[in-house]
1. From (1) under 18 Å from Cys6 (Cα atoms); (2) surrounded by fewer than 16 Cβ atoms within 10 Å (Cβ to Cβ), pick out the condition that doesn't hold for Leu127.
2. Identify, from the list Phe51, Phe102, the residue that is buried (at least 16 other Cβ atoms within 10 Å of the Cβ) and part of a helix (DSSP H, G or I).
3. Which of the residues that make up region 62-91 are open to solvent by 20 Å² or more (accessible area, probe 1.4 Å), farther than 23 Å from Lys15 by Cβ and not in a helix (DSSP H, G or I)?
4. Val59 versus (1) touching a Leu at 6+ places or on another chain (Cβ under 7 Å); (2) assigned to a loop (DSSP other than H, G, I, E, B): which is the lone unmet condition?
5. Are there any pairs with C-beta distances below 6 angstrom linking a residue in region 91-119 that is within 23 Å of Val25 (Cα to Cα) to a residue that is aromatic (Phe, Trp, Tyr) and open to solvent by less than 10 Å² (accessible area, probe 1.4 Å), with the two at least 6 apart or on different chains, and if so which?
6. Restricting to region 17-37, give me the number of residues that are touching a residue at least 24 places away in the same chain (Cβ under 8 Å) and of a type in the set (Ser, Thr, Tyr).
7. Is there any pair with a first residue in region 5-16 that is closer than 20 Å to Val115 by Cα and a second that is aromatic (Phe, Trp, Tyr) whose Cβ atoms are under 7 Å apart and which are 6 or more apart or on different chains, and what are they?
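The values are calculated or read from the model by the stated rules, or taken from the named source; none is laboratory data. These numbers come from a predicted model, not from an experiment. Cβ: placed from backbone, ideal geometry, glycine included. Neighbour counts: every protein chain shown. Side chains included, ligands, DNA and RNA excluded: accessible areas come from the protein's heavy atoms. Shrake-Rupley method; radii C 1.70, N 1.55, O 1.52, S 1.80 Å.
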Amino acid sequence: MIKIICGGKGTGKTKQIIQAANSNVATSKGLSVFITDTKRYMYDIVRDVRFIDVNDYVVAGEDAFCGFVKGIVAGNHDTEYVYIDGIARITGKPLSELAATFYMLDKISNDSKLVITLTCSCERADLPDFIAKYC
């Protein structure tokens with residue numbers, strides 16, 4: 001399952017995804033992973049959530065990012081939640097060009113029974129159809 005947190009810049013998307021990650025860890029039976037491209041929020045995430053800054057792993061582009069997520073899931077079969085803050089920033093592409101990425105994340109989510117939550121800097125009405133279907 002994929003969940004989308006969307007809104008314009010400065011609307012509190014990162015705060016919402018951090019709250020979701022921190023609250024789900026209490027009831028989660030598996031691993032929770034928080035992926036972003038900055039260390040800015042590292043201390044806002046509770047210790048039981050694995051915090052990953054993709055810049056530490058030189059993840060560049062959507063293919064590399066999808067492979068990175070697959071590697072996380074392959075390395076820990078008990079991964080239950082994946083939180084991705086700023087998918088467009090991480091991949092370096094606008095949301096309108098990320099159809100292949102969302103297809104792959106949907107496949108990973110369904111095959112591995114994961115809940116993937118993403119933030120998208122875009123108003124809900126302006127989301128591309130391949131993303132809006134997850135709202």
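1. (2)
2. Being buried (at least 16 other Cβ atoms within 10 Å of the Cβ) and part of a helix (DSSP H, G or I) holds for just one of Phe51, Phe102, which is Phe102.
3. Asn76, His77, Asp78, listed by residue number.
4. Among (1) touching a Leu at 6+ places or on another chain (Cβ under 7 Å); (2) assigned to a loop (DSSP other than H, G, I, E, B), the lone unmet condition for Val59 is (1).
5. Thr117/Tyr83
6. The number of residues fulfilling the criteria is 3.
7. Note: pairs meeting the criteria are Thr14/Tyr41.
Quick grid of which residues meet (1) modelled with pLDDT of 90 or more; (2) under 12 Å from the mean Cα position of the chain (by Cα); (3) within 20 Å of Ala21 (Cα to Cα):
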| site | (1), (2), (3) |
| --- | --- |
| Val46 | yes, no, yes |
| Asn55 | yes, no, no |
| Val58 | no, no, no |
| Ala64 | yes, no, no |
| Tyr81 | yes, yes, yes |
